[in-house]
Structure formats: C-alpha cells, structure tokens
Amino acid sequence: MIRRLLTVSVAALVVACSPAASPGDGGEAGADPAAAPAADAQTLRPDGWGSLRIGMTRAEVEAALGPDANPDAVGGADPEACDEFRPARAPAGVLVMVENGVLTRVSATEPGLTTADGFGVGAAAEAVRAALGDRARFESHKYAEAPAGYILSWTTPQTAPYVEDPAARGVLYEVGAEGTVVAVRVGGPAIQYVEGCL
C-alpha cells in the first residue's frame, strides 16, 4: 500500500514539474493557445485587447475577430493609410485602428470593457485621476469645457507633450462634459488622435 502511494505521488510530482505542464508558458498539453482567462476578454491593455496586439497586421486582426462589420462606413479619409472600424466579432463599441496595414490602437466607446486599473466607459474622471496619480497627466479637451479632457498614462515615462515613438504604449481616457469617461483608447501614439484617424 505504501509503495503504491509513493509510486502515485512520484508520478503526480513528475507530471506537475514537467515543462509541458508549467502554467503560463503556453505549453500545456491540449491547451488552446488562443484561450485566455475570462477576465482578459474584458481588459483593455496598453498593448491591445483580448487576442489583439498592437503591431498585428490587418489580416491578423481580421483572422482574430473578422472583417469590418460595416464596410460601407468611412473609417478614414484614406483607408489604405488609416482606417478605423469594428470587427464583425467584436462587441458593440469596440473599434480598431489600422495604419498602413498595422494595428495601432483599440478603442471602447460603450460600457463593458475596463483597463487593468478597473476603469472603463462611465467611470468618474476624478476616480481615475485619483487612482492613477503621477502615472497620468490631464489635458484639456479639444472641443468641450472642463471637466471634459483627456487622462493619459504611458507604460514608460514620456516627457514630450505629443508622443511620436512607435514603441510607446499607453491608455487614454476621454472625459466628457459630465465628468465621466466616454471612451477608452489603448495602444501606441495613435491613442492621442482626437478625431479618429486625425
């Protein structure tokens, strides 16, 4: 009996310590590499959302979430240079921006998705500013009076008023006239664009 228990315990230990069973390395036997924790499907990250990663090609975006759900809509003045659209399998209010064939930002304009800090559309701007503290800067809104504005946080410190480094990643909360978040944008420098592709 003891010998049998030791054999079972050693076998379990070998399975638990084997590289194929290491959690988080993508090597789990039978694991779906596209599968992600449920919370990740609701989390906007500076590098993307769900299976989308900033820097993917348009073909990769469409393979992940489908083509433009409304191809007749104008997403940009020159769609080859810049296009913003909702992929067919993305939730309502989720838009992707593709510039020169590459994903540069993901936006949420309806409640449902949140950032890792727990804020999304509908959040109180003061709560966002309080939580982010020195990690973020506040800028005046281009078209609306305060409390409208933009709360911008980069993953690495940025000193320029307008960031152009294509490697930069960040989160921008657009605050409306009521003092609540009306849109969240994640990605590279394109999160700073105020009017879609502009």
| query | Could you give the accessible area per residue of segment 66-179, probe 1.4 Å, as a whole number in Å²? | reply | 53 Å²
| Gain upon complete extension [Ala59, Val74; 0.36 nm per residue less C-alpha separation] | 3.5 nm
| request: Could I get the Rg over Rh figure for segment 71-182? Both from C-alpha atoms, Rh via Kirkwood, rounded to two places. | output: 0.97
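The values are calculated or read from the model by the stated rules, or taken from the named source; none is laboratory data. Please read all numbers here as calculations on a predicted model, not as lab measurements. Surface accessibility is based on the protein's heavy atoms, side chains included, excluding ligands, DNA and RNA. Shrake-Rupley method; radii C 1.70, N 1.55, O 1.52, S 1.80 Å.
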